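Q: Attaching a single structure in structure tokens format; questions to follow.
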Amino acid sequence: MSNFSFLKSIDNDLYDIISEAEKLYRDEYFEQCITQTRRFGENTCKKVLGNSLTSEKTFDEMLATLKDKVSTAVQEKEFVDDLYFLKKEGNQSVHSSSVKKNGMVALECLQRAFEVAINYGVYYKKSDSKILNLEFDIDLLITGKKSKQSLAEKYVKEKKKTKIEKKTKKISLTKDKKTFAKKEKKKDLFWCFWFFTLIISFILCFTIFLLSFVS
């Protein structure tokens with residue numbers, strides 16, 4: 001299974017490109033994954049421009065043309081921003097002199113590609129708007145199996161877990177304070193007893209001394 005399964009019926013070529021990026025991520029080939037998401041972004045941009053393409057050859061040139069053509073609608077601006085992000089990270093990955101196993105960047109590239117795919121499907125290919133409700137599933141990305149819990153359910157579960165941990169910590173701290181107080185109290189009683197015993201001993205010694213002196 002793939003986070004991009006919905007794209008298969010919309011554009012199988014794009015689906016093949018991005019599903020390969022998911023596989024690369026799963027196998028921890030993060031640099032290659034980032035490069036593959038760039039390829040996905042470039043091909044998506046080319047398909048959106050379609051017949052309006054003229055002399056543009058590079059991804060950068062195509063993005064500049066697309067930016068001039070989009071409206072002020074939020075989703076179109078986000079679409080272009082996401083494509084720019086994929087281009088930037090992909091270029092850095094390709095031209096980097098060393099291999100950087102940056103899983104977080106690769107993950108963000110896939111998430112951005114996911115948003116690009118949804119916008120492409122709904123606003124450019126006029127697909128069912130229900131796909132706007134889809135959420136990127138990290139469990140599915142890593143394991144290849146769909147998570148049984150939604151993102152909202154996971155959030156609630158984590159929130160409850162954090163709440164329980166805080167409560168447990170608070171109880172533990174209260175117990176520690178009580179234990180410490182008891183220990184301190186015992187110490188105080190010990191020193192009081194010791195001081196009292198010392199005084200009694202002193203009085204007894206002094207009395208014996210006086211008696212011996214008198215006799």
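Q: Do we have any residue at all in segment 170-184 that's at pLDDT below 95 and among the acidic types (Asp, Glu)?
A: If we filter segment 170-184 for residues that are at pLDDT below 95, which is where we start, we get 170-184.
Now narrow it down to the ones that are among the acidic types (Asp, Glu): 176, 184.
Looking through segment 170-184, at least one residue is at pLDDT below 95 and among the acidic types (Asp, Glu).
Residues checked against (1) within 21 Å of the chain's Cα centre (by Cα); (2) open to solvent by less than 30 Å² (accessible area, probe 1.4 Å):
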| position | (1), (2) |
| --- | --- |
| SER71 | no, no |
| LEU83 | no, yes |
| ASN91 | no, no |
| LEU107 | yes, yes |
| GLN111 | yes, no |
| GLU115 | yes, no |
| ASN119 | no, yes |
| LEU132 | no, no |
| ASP137 | yes, yes |
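Q: Sticking with this one: Could you run through segment 40-69 and say how many residues are in contact (Cβ under 8 Å) with a residue 40 or more places away in the chain and surrounded by 17 or more Cβ atoms within 10 Å (Cβ to Cβ)?
A: Qualifying residue count, segment 40-69: 5.
Q: In segment 29-59, how many residues are within 17 Å of LEU14 (Cα to Cα) and out of contact with any Phe, Trp or Tyr (no Cβ under 8 Å at 6 or more places or on another chain)?
A: Of the residues in that region, 12 qualify.
Q: Give me a count of the residues in segment 93-105 that are part of a helix (DSSP H, G or I) and either open to solvent by less than 70 Å² (accessible area, probe 1.4 Å) or among the acidic types (Asp, Glu) (or both).
A: Residues in segment 93-105 being part of a helix (DSSP H, G or I) and either open to solvent by less than 70 Å² (accessible area, probe 1.4 Å) or among the acidic types (Asp, Glu) (or both): 3 in total.
Q: Let me ask another. Could you please find all residues in segment 62-87 being part of a helix (DSSP H, G or I) and hydroxyl-bearing (Ser, Thr, Tyr)? Write out each step before concluding.
A: First, the residues of segment 62-87 that are part of a helix (DSSP H, G or I): 62-69, 74-87.
THR65, TYR84, listed by residue number.
Q: If TYR123 passes every condition in (1) open to solvent by less than 70 Å² (accessible area, probe 1.4 Å); (2) touching a helix residue (DSSP H, G or I) at 6+ places or on another chain (Cβ under 8 Å); (3) part of a helix (DSSP H, G or I) but one, which one does it miss?
A: The one condition TYR123 does not meet is (1).
Q: For segment 3-16, which positions are in a loop (DSSP other than H, G, I, E, B) and crowded, with 18+ Cβ neighbours inside 10 Å? Steps first, answer last, please.
A: Applying the first criterion (in a loop (DSSP other than H, G, I, E, B)) to segment 3-16 yields 3-4, 8-11.
Listed by number, the residues that qualify are ASN3, PHE4, ILE10, ASP11.
Q: So GLU22 fits all but one of (1) surrounded by 20 or more Cβ atoms within 10 Å (Cβ to Cβ); (2) in contact with a Ser or Thr (Cβ under 7 Å, 6 or more places away or on another chain); (3) free of Cβ contacts under 8 Å to residues at least 40 places away in the same chain; (4) not β-branched (Val, Ile, Thr); what number is the exception?
A: (3)
Q: Could you check segment 59-77 and list, in sequence order, the residues that are in contact with a helix residue (DSSP H, G or I) (Cβ under 9 Å, 6 or more places away or on another chain) and under 18 Å from ARG38 (Cβ atoms)?
A: Scanning segment 59-77 gives PHE59, ASP60, MET62, LEU63, THR65, LEU66, LYS67.
Q: Is there any pair with a first residue in segment 1-17 that is modelled with pLDDT under 95 and a second that is open to solvent by 70 Å² or more (accessible area, probe 1.4 Å) and part of a loop (DSSP other than H, G, I, E, B) whose Cβ atoms are under 6 Å apart and which are 6 or more apart or on different chains, and what are they?
A: As it stands, the answer is MET1/LYS146, since those pairs meet every condition given.
Q: Out of all the residues in segment 70-108, which are within 14 Å of GLU42 (Cβ to Cβ) and without any contact (Cβ under 8 Å) to a residue 40 or more places away in the chain?
A: If the condition is that a residue be within 14 Å of GLU42 (Cβ to Cβ) and without any contact (Cβ under 8 Å) to a residue 40 or more places away in the chain, then VAL80, TYR84, PHE85, LYS88 are the ones that fit.
Q: Condition first: in a helix (DSSP H, G or I) and under 13 Å from MET104 (Cα atoms). Now tell me which residues in segment 28-43 satisfy that.
A: PHE30, GLU31, CYS33, ILE34
The values are calculated or read from the model by the stated rules, or taken from the named source; none is laboratory data. Since the model is a prediction, treat every value here as computed from it, not as a measurement. Methodologically, a virtual Cβ is constructed for each residue, glycine included, from the backbone with ideal geometry; neighbour enumeration extends over all protein chains shown. Protein only, heavy atoms only, side chains kept; ligands, DNA and RNA dropped before computing areas. Shrake-Rupley method; radii C 1.70, N 1.55, O 1.52, S 1.80 Å.
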